[in-house]
Amino acid sequence: MKKYKHKKSKCFNSKYKKFLLPSCIVKIFYNILHIVQLSIILLLHLLLNLKDTYTAAHCIRVMRLAVSFAEYNNYTFTQIKILKYSALLHDIGKLLIPKKILAKNKKLTHEEYAIIKKHSYYGYIITKYIVGKNIEAEVIKHHHERVDGKGYPDGLKGNKINDLSKLLSICDAFDAMTSTRSYRKKLSFEDALIELQANAENQFDKNILNKFIYFVNSKSNSCITKKIKPE
Ligand SMILES: [Fe+2]
């Protein structure tokens with residue numbers, strides 16, 4: 001039996017060897033693919049910057065924050081790579097949202113809010129089919145889900161939401177609260193952490209949020225006068 005197996009694999013190798021590409025060609029192919037993907041990502045981000053400067057800058061800040069948190073908590077190299085592209089592209093779906101809604105300084109109407117909520121699904125489509133990154137597309141699709149199931153687009157609950165989307169949603173909310181918009185002042189790091197903690201039960205994952213609070217406290221001694229303790 002063993003002899004037969006050996007003969008079969010030898011026979012297979014010789015038969016199909018001519019169809020196998022040398023590893024250096026495969027490596028070159030993947031490098032070219034990576035460069036093409038990076039160019040598409042940069043182009044998309046440039047387009048987002050032309051449409052909505054605030055959102056483009058917000059995506060870069062969220063990427064830095066999420067990667068820094070992941071490195072601090074010893075996430076794997078692969079997880080950090082996924083997080084980097086997911087965070088940079090998390091609001092890329094806003095390219096398909098009308099500019100007058102994105103730039104509106106007043107409270108959004110019910111209809112306008114329904115339109116803006118579509119950006120996470122549009123981001124999923126763009127990342128999956130234009131950039132060609134499937135896992136990152138899934139992370140982006142669920143960055144507005146809530147642990148109580150009241151988020152969008154799928155209303156996923158608790159453990160059904162992947163951990164990278166949960167982390168992205170915390171970084172997204174923290175940056176949104178600590179940056180200035182034309183219609184409101186920014187919150188201090190301390191107030192933003194209090195706000196996040198107030199939503200720990202229904203919106204954010206409690207374990208990830210506690211680690212995030214430790215992380216922000218450890219990185220910003222000079223910015224936070226009274227440190228917020230994780231629950
Ligand atoms: Fe978003």
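Taken together, the values in this text are just the output of simple stated rules run on the coordinates, not laboratory data. Just so you know, these numbers come straight off a predicted model, no measurement behind them. Here the Cβ positions follow ideal geometry from the backbone for every residue, glycine too, while neighbour counts run over all protein chains shown.
Taken over region 38-74, the criterion of being touching a residue at least 60 places away in the same chain (Cβ under 8 Å) and touching a Cys at 6+ places or on another chain (Cβ under 8 Å) is satisfied by VAL62, LEU65, ALA66, PHE69.
Somewhere in region 179-189, is a residue within 16 Å of the ligand (Cβ to nearest atom) and of a type outside the set (Phe, Trp, Tyr)? Walk me through it before giving the result.
Of all residues in region 179-189, those within 16 Å of the ligand (Cβ to nearest atom) come to 179, 181.
Retained after the next criterion (residues that are of a type outside the set (Phe, Trp, Tyr)): 179, 181.
So far as region 179-189 goes, yes, one or more of its residues are within 16 Å of the ligand (Cβ to nearest atom) and of a type outside the set (Phe, Trp, Tyr).
Among the residues in region 183-200, are any touching a His at 6+ places or on another chain (Cβ under 9 Å) and charged (D, E, K, R)? Let's see the steps before the verdict.
As a first pass, look at region 183-200 and keep what is touching a His at 6+ places or on another chain (Cβ under 9 Å): none.
No, region 183-200 contains no residue that is touching a His at 6+ places or on another chain (Cβ under 9 Å) and charged (D, E, K, R).
So which helices (runs of 4 or more DSSP H) stay within region 64-127 end to end and still have 2 or more residues that are of a type outside the set (S, T, N, Q), surrounded by 23 or more Cβ atoms within 10 Å (Cβ to Cβ) and within 16 Å of the ligand (Cβ to nearest atom)? Lay out the reasoning, then the answer.
On the way: elements: 77-88, 99-102, 110-116, 119-125.
By residue number, 77-88, 119-125.
Return yes when ASN49 is assigned to a helix (DSSP H, G or I) and either aliphatic (A, V, I, L, M) or farther than 22 Å from ASN162 by Cα (or both) and no when it is not.
Numbers: assigned to a helix (DSSP H, G or I): yes; either aliphatic (A, V, I, L, M) or farther than 22 Å from ASN162 by Cα (or both): yes.
So ASN49 fits the description; yes.
Against the numbered list (1) over 24 Å from VAL67 (Cα atoms); (2) touching a Lys or Arg at 6+ places or on another chain (Cβ under 9 Å), THR109 comes up short only at (2). Against the definition (part of a helix (DSSP H, G or I) and within 14 Å of the ligand (Cβ to nearest atom)), how does ILE130 come out, yes or no? No; evaluated as a whole, the condition is false for this residue. Any residue at all in region 40-47 that's touching a helix residue (DSSP H, G or I) at 6+ places or on another chain (Cβ under 9 Å) and within 16 Å of the ligand (Cβ to nearest atom)? Scanning region 40-47 turns up at least one residue that is touching a helix residue (DSSP H, G or I) at 6+ places or on another chain (Cβ under 9 Å) and within 16 Å of the ligand (Cβ to nearest atom). In region 133-153, the residues that are closer than 29 Å to HIS34 by Cα reach residues that are surrounded by fewer than 22 Cβ atoms within 10 Å (Cβ to Cβ) and among the aliphatic types (A, V, I, L, M) with C-beta atoms within less than 7 angstrom, at least six apart or across chains, in these pairs: ILE135/ILE82; GLU136/ILE82; VAL139/ILE82; HIS142/LEU156; HIS142/ILE161.
Within region 148-198, the set of residues being under 23 Å from SER218 (Cα atoms) and in a loop (DSSP other than H, G, I, E, B) comprises THR178, SER179, LYS186, LEU187, SER188. Among residues of region 139-151 being surrounded by fewer than 18 Cβ atoms within 10 Å (Cβ to Cβ) and on the phi < 0 side of the Ramachandran plot, the one that is farthest from the ligand (Cβ to nearest atom) is ASP148. Among the numbered conditions (1) closer than 23 Å to LEU95 by Cα; (2) of a type outside the set (Asp, Glu); (3) away from the ligand (no atom under 16 Å from the Cβ); (4) touching a residue at least 60 places away in the same chain (Cβ under 8 Å), the only one that LYS219 does not meet is (1).
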